[in-house]
């Protein structure tokens, strides 16, 4: 995860799942509001509209649920819609876990986050938490190449206009901050003590 470049875009562009694996994530009510035309470019030809609708009806989040759409290249994951006193309407604490476990492998991947505008910031920070910078895992003999993860928000509900450039920049900066904070916390004291921190 340490070699992941995380990028937030207004549109991640179209690509077949074999070329760029995709994870579509959101609460079931929000996923059902998504128009097929908004996501078909990331799923076709491997996934048809019928398969997408069948997957949505098969989802039964308790608290979460996932359904593969096309081999191990595409999946849809549902967040809980009920909110307890311990979490927020965005269900952000479930997002990190789902991204870690359900995002297909590969060097170039896409996350399609379906949510309301009020949940965009919390969701982007939760996605960032799934990609820590610090790692002391012994690298394999070959140098691990950079992996690209592109995040696109599909906004549903009242204000469903796409994110503008300043909002995307804000999400990117917040994600960098979240990942840096996690790196400082995860780094052992011999590498990150008060002197290093001041530097």
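Going through the range 113-129 one residue at a time, which ones are buried (at least 22 other Cβ atoms within 10 Å of the Cβ) and under 11 Å from the mean Cα position of the chain (by Cα)?
113, 114, 123, 124, 126, 127, 128
Which is under 14 Å from residue 21 (Cβ atoms), in a strand (DSSP E or B) and modelled with pLDDT of 90 or more, of 99, 149?
Just one listed residue meets the conditions, 149.
Out of the range 14-30, which residues are surrounded by fewer than 21 Cβ atoms within 10 Å (Cβ to Cβ), closer than 22 Å to residue 82 by Cα and touching a helix residue (DSSP H, G or I) at 6+ places or on another chain (Cβ under 8 Å)?
Passing the criteria: only 28.
For the range 166-185, indicate whether the set of residues that are within 19 Å of residue 39 (Cα to Cα) and either in contact with a strand residue (DSSP E or B) (Cβ under 9 Å, 6 or more places away or on another chain) or at pLDDT below 90 (or both) is non-empty.
Scanning the range 166-185 turns up no residue that is within 19 Å of residue 39 (Cα to Cα) and either in contact with a strand residue (DSSP E or B) (Cβ under 9 Å, 6 or more places away or on another chain) or at pLDDT below 90 (or both).
With respect to the numbered conditions (1) within 13 Å of residue 153 (Cβ to Cβ); (2) assigned to a helix (DSSP H, G or I); (3) in contact with a strand residue (DSSP E or B) (Cβ under 6 Å, 6 or more places away or on another chain), which one is the sole condition not fulfilled by residue 31?
Evaluating residue 31 over (1) within 13 Å of residue 153 (Cβ to Cβ); (2) assigned to a helix (DSSP H, G or I); (3) in contact with a strand residue (DSSP E or B) (Cβ under 6 Å, 6 or more places away or on another chain) leaves (1) as the failure.
Just one of 86, 93 is assigned to a helix (DSSP H, G or I) and modelled with pLDDT under 90; which is it?
93
The values are calculated or read from the model by the stated rules, or taken from the named source; none is laboratory data. No experiment lies behind these values; they were computed from the predicted model shown. We place every Cβ from the backbone using ideal geometry, glycine too, and count neighbours over all the protein chains shown.
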